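Structure in structure tokens, see below.
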2 protein chains.
Amino acid sequence: MEGGAGRGLECQKTMDGKASNGNGSEKAIPSCCLKARASAPEAEAKCHSTVVSGWFSESQSRSEKASKKVYFNNPMWPGEAHSLKVEKILYKGKSEFQEILVFESSTYGKVLVLDGIIQLSEKDECAYQEMIAHLPLCSIPSPKTVLVVGGGDGGVLREVSRHPSVEHIDICEIDKMVVDVSKKFFPQLSVGFQDPRVHLHIGDATEFLRHAPKGKYDAVIVDSSDPVGPAQELVEKPFFETIARALRPGGVLCNMAESMWLHTHLIQDMISVCRETFKGSVNYAWASVPTYPSGVIGFLLCSTEGPPVDFKNPVNSIEKLEGALKHKRELRFYNSEMHSAAFALPPFLRREVSALCHSSTSTLPR
Amino acid sequence: MEGGAGRGLECQKTMDGKASNGNGSEKAIPSCCLKARASAPEAEAKCHSTVVSGWFSESQSRSEKASKKVYFNNPMWPGEAHSLKVEKILYKGKSEFQEILVFESSTYGKVLVLDGIIQLSEKDECAYQEMIAHLPLCSIPSPKTVLVVGGGDGGVLREVSRHPSVEHIDICEIDKMVVDVSKKFFPQLSVGFQDPRVHLHIGDATEFLRHAPKGKYDAVIVDSSDPVGPAQELVEKPFFETIARALRPGGVLCNMAESMWLHTHLIQDMISVCRETFKGSVNYAWASVPTYPSGVIGFLLCSTEGPPVDFKNPVNSIEKLEGALKHKRELRFYNSEMHSAAFALPPFLRREVSALCHSSTSTLPR
């Protein structure tokens, strides 16, 4: 009964791109995953720009009375687009690594955009930042030493610092301008940098990790932009290996892991690589984030060999940590119920990502 | 610490609309909820149409080589828009009640649009149809008699018919043209009508319910379009009262209940009304549906006084029902884990919808 009507569910199988998989061999990738693998924006994105003329769409005034409406268009994935109404452009700049844009939207608060892709909006950043930080940190007892890769806006730091057990937080962000822009326009995120436990390193994360002492960290959180441009190598095996090396036995990684509706190939690839690298457990979770493609974002949660980690049942419940619920500001999206619920996966994802079904070394739920 | 940066989270408080709340009094509603309450499309929607010139946006050819790109724009809520690339228009028509559009999208399969609002796409309809059907039916033992309100595409029928205990399914759809269009273009949904247990009634659901025998149904599923136009009265108290009357003691209602990110006022209103009407339990659940506003849709689950219903812990697990997993086609989105996870709610929703926090007659999770 799986007729033509259901074909929308699968990723397009057309192979129209090539990418290195990190071990020197070339591999064709389907168009639906191009965004996440190509080093240049995919050609398909240009069709959106014809709708919205670059980053913005401006309506044609039909009468003198009509006010000028400006939309930001997010050319995030082939075949669709999400547009936000722009009240005011607050900042446009170009760093050594990427184009940076900040605008005030009419209904999502301020929005940070890197290379044309929405990184966060004030309305829904809570979902992403709280989940990417607390999914790993609530899964292990008393995390003390944490590394954040990327995350230059400071939002993840804000969340990590809720944990009173944490003594030392390293953050390695490649682009200093992201930090500066966040400090100017996103005080509710950059407040994370004010914590005295935070140590900011501007530079390349793979280099940083290569020089990190073996077994230094209890948790590593990879809050990268999409693996296009500066974040390209952050989904490849050598990178995961350096992370595993920097983690203590039974230490945990939480890595941004795309949309279950759009990027099942990429999820499959990432899980396969992590299965080889992390000998403890490998899990997939997701959360609702309206301004991200298809309205969801996934997280890959891995642990190294050592004390077992049951990601689905957090041992370090945030509700029991003194002061954590209201540190800096109240939790908005995360609680222990949301934590466990995030690991519930629809059958279509399990079927398309075979690595989710055949698991010997993981605690993946069936 | 709740400074200006967090204001995007709240609904706009500007009162720029009025609506009857069903008991004769007029009540101001905030602009963010206008879509869901006004009887005419809100003025704000028009600003999207300037971006996309009505239902469609067409790119300007920049060279003779450039192929014509057409996007469908979903003017679903103020301040943002979601666009799907159109491969081919399959049908455009106007029934007695609404405008009907079917197009082939480039990445979401075929799409059904009523009065400019996306009702379903082949790619993600599984999430909505499976959740709205199985959340109620798996929460009670052996459902036998079911009423579907709306749902003229047949998708909910397809899901209800997975339950071998069900003996009789009434469906009351106001617009016969929706049924006809679905039979022509969406065979994987309209297959639901082929089940011999299904009895189709074309007409007004409030009228139908008024004449239904008291206590006839084990479950009522309201799969309405947004409460604009023909579905206006389906969010008001008299309607819920006729449903409660038609349900047996301990019978269940599942009602489409908007987005937790966008329509907290409306959710608050619906829960308050249902609290007064349903003396068993009142719960809120949600699911990821990329083509719906903000990528999520909520469900209101209520039970009448009688045998208690614990919606979060389904007693009638679909995995144990003979043949249910593959009836007509495999389940794609729903399983028992997804069922329980759907009731996990973020703290911001609990804070904004006070009815979710102060619950004496319900089994709402804390």
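Identify the residue of chain A whose Cβ lies closest to the rotation axis that maps chain A onto chain B, and give that distance in whole Å.
A:Gly295, 1
Compute the Cα gyration tensor for the range B:148-187, then decide on rounded, prolate or oblate, letting a ≥ b ≥ c be the square roots of its eigenvalues: rounded whenever a/c is under 1.5, prolate when a/b is larger than b/c in the other cases, and oblate in all that remain.
Because a/c hits 1.5 or more and a/b fails to exceed b/c, the range B:148-187 counts as oblate.
Could you bin all the Cα-Cα distances of the range A:302-362 into 10 Å bins starting at 0 and give me the percent of pairs in each, rounded to whole numbers?
So the P(r) values, bin by bin, are 17, 37, 31, 14, 1.
Additional query: For label points placed 7 Å from Cα toward Cβ, what is the shortest-first list of nm distances from A:Pro308 to its copies?
Those separations, rounded to one decimal, come out as 3.3 nm.
Further, regarding this structure: Calculate the mean, over all residues of peptide B:316-324, of how many other protein chain Cβ atoms lie within 10 angstrom of the residue's Cβ. Could the numbers behind the result be given before it?
Details: counts 0, 0, 0, 0, 0, 0, 0, 0, 0.
Across B:316-324, the average partner-chain Cβ count within 10 Å equals 0.
Mind checking the dipole of the range A:234-366: about its Cα centre, +1 per Lys or Arg Cβ, -1 per Asp or Glu Cβ, Debye to the nearest 20?
Value, rounded to 20: 180 debye.
Which of the residue pairs A:Lys85/B:Lys110; A:Lys92/A:Lys123; A:Lys312/B:Lys320; A:Lys88/B:Lys92; B:Lys88/B:Lys237 have a Cα-Cα distance greater than 30 Å in the structure shown? Walk me through the intermediate numbers first.
Working: A:Lys85/B:Lys110 27 Å; A:Lys92/A:Lys123 21 Å; A:Lys312/B:Lys320 23 Å; A:Lys88/B:Lys92 37 Å; B:Lys88/B:Lys237 41 Å.
As for pairs spanning more than 30 Å Cα to Cα, those are A:Lys88/B:Lys92; B:Lys88/B:Lys237.
Enter the buried accessible area of the A/B pair, total of both sides, probe 1.4 Å, in Å² rounded to the nearest 100. Display every interim value, and only then the final one.
Details: alone 16020 and 16020 Å², together 25980 Å².
Buried area (both sides, nearest 100 Å²): 6100 Å².
So, with +1 on the Cβ of K and R and -1 on the Cβ of D and E, and no other charges, what is the size of the charge dipole of the range A:81-125 about its Cα centre, to the nearest 20 debye? Don't skip to the answer; put the middle values down first.
Working: 6 positive and 8 negative charges, 37 e Å.
Dipole magnitude for the range A:81-125 comes out near 180 debye.
Gap in Å between the Cα centre of the range A:248-280 and the Cα centre of the range B:171-213?
That distance is 44 Å.
Which translational diffusion coefficient, to the nearest whole µm²/s, is obtained for the range A:200-311 from the Stokes-Einstein equation, given a Kirkwood hydrodynamic radius over C-alpha pairs, 4 °C and 1.567 mPa s? Show your work: numbers first, answer last.
Numbers: Rh = 14.3 Å.
Once the numbers are plugged in, D ends up at 90 µm²/s.
Got a sec? Which residues of the range A:272-310 lose 30 Å² or more of accessible surface with every protein chain in place, vs. that chain alone, 1.4 Å probe?
A:Trp286, A:Ser288, A:Pro290, A:Ser294
Within the accessible area of the range A:250-366, what % is carbon and sulfur when the probe is 1.4 Å and the other protein chains stay in place? Mind dumping the intermediate values first?
Values: 1930 of 3530 Å².
The C+S portion of the solvent-accessible surface of the range A:250-366 is 55 percent.
Still on this structure, please answer the following. Give the nm distances, rounded to one decimal, from A:His201 to the matching residue in every other copy, measuring between label points 7 Å along Cα toward the beta carbon; shortest first.
Copy-to-copy label distances for A:His201: 6.9 nm.
Using only C-alpha positions, report the orientation-averaged shadow area of the convex hull of the range B:168-230, nm², one decimal. Walk me through the numbers before you get to the answer.
Values: hull surface 19.8 nm².
Its Cα hull, projected and averaged over all orientations, spans 4.9 nm².
Between A:Ser95 and A:Lys320, what is the label-to-label distance in nm when each label sits 7 Å out along the Cα-to-Cβ direction?
Once both label points are built, they end up 3.9 nm from each other.
Now a separate question. Ignore the peptide's own chain and count Cβ atoms of other chains within 10 Å of each Cβ in B:343-351; give me the average, rounded.
Average neighbour count from other chains, rounded to a whole number: 6.
Mind ranking B:89-95, A:239-245, A:277-283, A:174-180 by how tightly packed they are, going by the mean number of other C-beta atoms within 10 angstrom, highest first?
On the way: B:89-95: 13.6, A:239-245: 21.3, A:277-283: 23.3, A:174-180: 19.1.
The packing order, highest mean first, is A:277-283, A:239-245, A:174-180, B:89-95.
Okay, next question. How many partner chain Cβ atoms sit within 10 Å of a residue's Cβ in peptide A:147-157, on average, as a whole number? Kindly include the intermediate steps, with their values, before the conclusion.
Details: counts 0, 0, 0, 0, 0, 0, 0, 0, 0, 0, 0.
That works out to 0 on average.
Could you give, in nm with one decimal, how far A:Glu319 is from each other copy of that position, shortest first, with labels 7 Å out from Cα toward Cβ?
Here the equivalent label points are 2.5 nm apart from this one.
Right, something else. Amide H to amide H under 5 Å from A:Phe299: which residues, 5+ apart in sequence or cross-chain, H placed 1.01 Å off N in plane?
Sorted by chain and number, the residues that satisfy this are A:Ala257, A:Ala285, A:Trp286.
For a protection proxy built on the mean count of beta-carbon atoms within 10 angstrom, sort B:306-319, B:341-354, A:285-298, B:151-164 highest first, please. Mind dumping the intermediate values first?
Working: B:306-319: 16.9, B:341-354: 19.6, A:285-298: 24.4, B:151-164: 26.1.
Descending packing order for the listed peptides: B:151-164, A:285-298, B:341-354, B:306-319.
Residue-wise, which Karplus ³J(HN,Hα) couplings in Hz belong to the range A:308-323, taking 6.51 cos²θ - 1.76 cosθ + 1.60, θ = phi - 60°, and x for glycine or proline?
Each residue of the range A:308-323 in turn: x, 10, 9, 4, 6, 10, x, 7, 10, 4, 5, 5, 9, 8, 4, x Hz.
Then there's this: Would you work out if the range B:108-265 is rounded, prolate or oblate? Take a ≥ b ≥ c from the square roots of the eigenvalues of the alpha-carbon gyration tensor; rounded if a/c is under 1.5, else prolate when a/b is larger than b/c, oblate otherwise. Could the numbers behind the result be given before it?
Details: a/c = 1.42, a/b = 1.18, b/c = 1.21.
It is rounded, given that a/c, with a ≥ b ≥ c, falls under 1.5.
Would you jot down the residues in the range B:80-123 that end up with at least 30 Å² less accessible area in the complete protein assembly than in the chain alone, with a 1.4 Å probe?
B:Glu80, B:Ala81, B:His82, B:Ser83, B:Lys85, B:Thr107, B:Tyr108, B:Glu122, B:Lys123
Relative contact order of the range B:132-287: what whole-number percent is it, with Cα pairs under 8 angstrom and at least 6 residues apart? Intermediate values should be presented prior to the final figure.
Values: 261 pairs, mean separation 37.7, N = 156.
It rounds to 24 percent for the range B:132-287.
The values are calculated or read from the model by the stated rules, or taken from the named source; none is laboratory data. Small disclaimer: the values here were computed from a predicted structure and weren't measured. With ideal geometry, Cβ positions are generated from the backbone for all residues, glycine too; neighbour counts draw on all protein chains shown. Areas reflect the complete protein model, heavy atoms only, side chains present, ligands, DNA and RNA absent. Shrake-Rupley method; radii C 1.70, N 1.55, O 1.52, S 1.80 Å.
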